[in-house]
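Chemist: Handing you this structure, nothing more for now.
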Amino acid sequence: MTFDQLPPRRQEQLMAFDRLLTIMDELREQCPWDRKQTLESLRHLTIEETYELSDAILENDLPEIRKELGDIQLHLVFYAKIASESGAFDMADVLNNVCEKLISRHPHIYGNVVAETEEQVKANWEQLKLKEGNKSVLGGVPGSLPALVKAMRIQEKARGAGFDWDEKQQVWEKVEEEMQEFKAEFNAEANETIDPQRAEGEFGDLLFSLVNYARFIDINPETALERTNKKFIRRFQYLEEQARANGKKLSDMTLAEMDVYWNEAKVRG
């Protein structure tokens, strides 16, 4: 199919992408800041942009999502442009590579493999990655992921290899077991010195089991915790605002006094 035979909107999409590539070429050649950038110097900026996109998604702010997607797309084009200057690869290589990967990892679409459920697709995906040379199904989990996200990804990949609980009740029993172990050794009512390393280990086991249960009931623990973080910030800032409006400082207030405003904030949402 030629360009002229494509639907009008697809033509617009391709032209917009070509425009971005052209602008990137011009900036890399003419702008002192853009010319100075390296793969390494862009890394922390890309991470920042990714978190900004994540915030916009949690807020369901579609105009902001569109903006942040553009920022991230710019970074992807930037990386490919830098790599092309040394002959390593260019944007065509990047896109063709991911297209080939998608085709090879979806044999139920582009081949004769049968996969009628999401779980079958995930299992096939992990097996195909092993055939491609990965030594472990956990090898694709980035080491720099935040711990909560990493726990979720580890468990998902283990499930893809068939290593998982059968029922959510079994997972909940594990949560209760880990909670009891933690409580038995580090009971807050006991006035005893706590071994920080042992406490940390047991607490980690408890968190890992909670992440496991969240996965079984289709809750993303990272998203759940971030929504709670945002809720706490919103309520705490209301508390601060009301205290100031009444000429008070939080440092001079009792917990009971602060609870009045906190409960008001909870009613507000």
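Chemist: Under the rule that an exposed site lies in a DSSP loop and has at most 11 other Cβ atoms within 10 Å, name the longest stretch of the chain with no trypsin sites (Lys or Arg not before Pro) of that kind, not counting the sites themselves.
Modeler: Longest run free of exposed loop sites: 1-134.
Chemist: Sticking with this structure for a sec: In sequence order, what are the phi-derived ³J(HN,Hα) couplings for segment 39-48 according to the Karplus relation 6.51 cos²θ - 1.76 cosθ + 1.60 with θ = phi - 60°, rounded to whole Hz, with x for glycine and proline?
Modeler: In residue order, the calculated couplings are 4, 5, 5, 7, 4, 5, 5, 5, 4, 4 Hz.
Chemist: Translational diffusion coefficient, Stokes-Einstein: compute it for segment 184-269 using the Kirkwood radius over C-alpha pairs as Rh, at 25 °C and 0.890 mPa s, and state it as an integer in µm² s⁻¹.
Modeler: Working: Rh = 16.2 Å.
D, rounded to a whole number, is 152 µm²/s.
Chemist: On to the next question. A 23 angstrom limit on the alpha carbon distance is what I want to check against. Which of Lys81/Lys150; Lys168/Lys266; Lys150/Lys230 exceed it? All intermediate terms of the calculation are to be shown ahead of the outcome.
Modeler: Working: Lys81/Lys150 30 Å; Lys168/Lys266 31 Å; Lys150/Lys230 21 Å.
From the list (Lys81/Lys150; Lys168/Lys266; Lys150/Lys230), the Cα-Cα distance tops 23 Å for Lys81/Lys150; Lys168/Lys266.
Chemist: Compute the accessible area per residue over segment 138-269, keeping the other protein chains in place, probe 1.4 Å, unit Å². Intermediate values should be presented prior to the final figure.
Modeler: Details: 9220 Å² over 132 residues.
Result: 70 Å² per residue.
Chemist: On a 0 to 90 degree scale, rounded to 10, what angle separates helix 255-268 from the longest Cα axis of the chain?
Modeler: 40 degrees
Chemist: Related question: Whenever you get a sec, compute what percent of the accessible area on the chain sits on carbon and sulfur atoms (1.4 Å probe).
Modeler: Details: 10400 of 19200 Å².
About 54 percent, which is the carbon plus sulfur part of the accessible surface.
Chemist: Two-decimal Rg/Rh of segment 74-145 from alpha-carbon positions, Kirkwood Rh? Working shown, then result.
Modeler: Values: Rg = 15.4 Å, Rh = 14.4 Å.
Dividing the radius of gyration by the Kirkwood radius yields 1.07.
Chemist: Around Phe236, what is the net charge, scoring Lys/Arg as +1 and Asp/Glu as -1 over all other residues with Cβ under 14 Å from its Cβ?
Modeler: Values: positive: Lys230, Lys231, Arg234, Arg235, Arg244, Lys266, Arg268; negative: Glu240, Glu241, Asp259, Glu264.
Net of charged neighbours comes to +3.
Chemist: Given that compact globular proteins tend to follow 2.2 N^0.38 Å, what is the ratio of the alpha-carbon Rg of segment 1-64 to that value? The partial results should precede the final answer.
Modeler: Numbers: Rg = 16.5 Å, N = 64, 2.2 N^0.38 = 10.7 Å.
That ratio works out to 1.54.
Chemist: Starting from the Kirkwood Rh over alpha-carbon pairs, what translational D in µm² s⁻¹ does segment 96-203 have by Stokes-Einstein at 4 °C and 1.567 mPa s?
Modeler: On the way: Rh = 17.1 Å.
Roughly 76 µm²/s, to the nearest whole number.
Chemist: Still on this structure, I have one more. If you average the alpha carbon positions of segment 3-78 and of segment 192-267, how far apart do those two centres end up, in angstrom?
Modeler: Segment 3-78 and segment 192-267 have Cα centres separated by 36 Å.
Chemist: Something else about it: Mind running the shape call on the chain? Use the C-alpha gyration tensor, a ≥ b ≥ c as the square roots of the eigenvalues: rounded below 1.5 for a/c, prolate if a/b tops b/c, oblate otherwise.
Modeler: Judged from the Cα gyration tensor, the chain comes out oblate (a/c at least 1.5, b/c at or above a/b).
Chemist: Could I ask something else about it? List the relative contact order of the chain as a percent without decimals, with contacts defined as Cα pairs under 8 Å and 6+ residues apart.
Modeler: On the way: 152 pairs, mean separation 27.4, N = 269.
This gives 10 percent for the chain.
Chemist: Kindly list the residues of segment 225-240 that lie in the label zone of Phe186, defined by a backbone N under 20 Å from the point 7 Å along the Cα-to-C-beta vector.
Modeler: 225
Chemist: So what is the calculated 222 nm ellipticity per residue for the chain, using -39500 (n - 2.57) for each DSSP H run with n of 4 or more, over all residues, to the nearest 500 deg cm²/dmol?
Modeler: Values: 12 runs with 196 residues, N = 269.
Taken over the chain, the calculation gives -24500 deg cm²/dmol.
The values are calculated or read from the model by the stated rules, or taken from the named source; none is laboratory data. Because the structure is predicted, anything quoted here is derived from the model rather than measured. As a convention, Cβ positions derive from the backbone with ideal geometry for all residues, glycine included, and neighbour counts pool all protein chains shown. The protein model used for the area step is the full one, side chains on, heavy atoms only, and it has no ligands, DNA or RNA in it. Shrake-Rupley method; radii C 1.70, N 1.55, O 1.52, S 1.80 Å.
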